[in-house]
Amino acid sequence: MEHSKEFLEVVEDARSRVKEVSVDETLERINDGAILIDVREDNEWEAGHAKGAVHLGRGIIERDIIGKYPEKETELILYCGGGFRSALSADMLQKMGYTNVWSMAGGWSAWKSANAPTE
């Protein structure tokens, strides 16, 4: 997908404040109790997603995150299709007070390339 210059500027701004982890690091962190959250659209989720992931789409994550994970120290790793929307979502969650939020570099594309488990 071709992204606009404006969108990429917003993403780069968010990335300046967000920590990223690789797929391998994500798998290790999940084994240690991290929560993997898919922020993609419903149709993307339904077409396939990371095994064990929770679906909280970009359009609702800020609204619903407190009810699902009220403890703001909970380790949350977000992913999307390629790492852009997850960076934006992670930045917003940090602004909401979450202190242990990560964006998975490369998103769903990297997950599939790594042959990580899917559902």
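Taking K and R as +1 and D and E as -1, what net charge do the other residues with C-beta under 15 Å from the C-beta of TRP45 add up to?
Taking every Cβ under 15 Å from that of TRP45, the sum is -2.
Given a cut-off of under 8 Å on Cα pairs at least six residues apart, what relative contact order in percent is computed for region 1-93?
That works out to 36 percent.
Quantify, in whole percent, the carbon and sulfur part of the accessible surface of the chain (1.4 Å probe; protein heavy atoms only).
Carbon and sulfur atoms account for 49 percent of the accessible area of the chain.
With a sphere of radius 12 Å drawn around the Cβ of GLY57, what net charge do the other residues whose Cβ falls strictly inside it have (Lys, Arg +1; Asp, Glu -1)?
-3
Assuming R0 = 25 Å, can you tell me the calculated FRET efficiency for the pair ASP24 and MET96, based on Cβ-Cβ distance, to the nearest 0.05?
0.35
Starting from 0.36 nm per residue, how many nanometres of slack lie between LYS112 and HIS3 once their C-alpha separation is accounted for?
Full extension from LYS112 to HIS3 adds 37.1 nm.
Of the peptides 28-41, 100-113, 9-22, how do they stack up when ordered by the mean number of other Cβ atoms within 10 Å, highest first?
Ranking the peptides 28-41, 100-113, 9-22 by packing returns 100-113, 28-41, 9-22.
Of all DSSP beta bridges located in the chain, what percent are antiparallel, nearest 5?
10 percent
Please list the non-local residues whose amide H lies under 5 Å from the amide H of GLU75, H modeled 1.01 Å from N, same-chain partners needing a gap of 5 or more.
ILE35
Summing -39500 (n - 2.57) over the DSSP H runs of n ≥ 4 in the chain and dividing by its residue number, what mean residue ellipticity at 222 nm do you reach, to the nearest 500 deg cm²/dmol?
Rounded to the nearest 500, it is -12500 deg cm²/dmol.
Can you give the extra length, in nm with one decimal, that the chain gains between THR74 and GLU41 once fully stretched, where that is 0.36 nm per residue apart less the Cα-Cα distance?
9.6 nm
Straight-line reach from LYS68: which lysines have Cα under 20 Å away, leaving out those fewer than 8 places along the same chain?
LYS51, LYS95
The values are calculated or read from the model by the stated rules, or taken from the named source; none is laboratory data. Keep in mind that what you see is a predicted model, and the values were worked out from it rather than measured. Cβ sites come from the backbone with ideal geometry, for glycine too, and all protein chains shown count toward neighbours. Note: accessible area is taken over every heavy atom of the protein model, side chains too, but ligands, DNA and RNA are not part of it. Shrake-Rupley method; radii C 1.70, N 1.55, O 1.52, S 1.80 Å.
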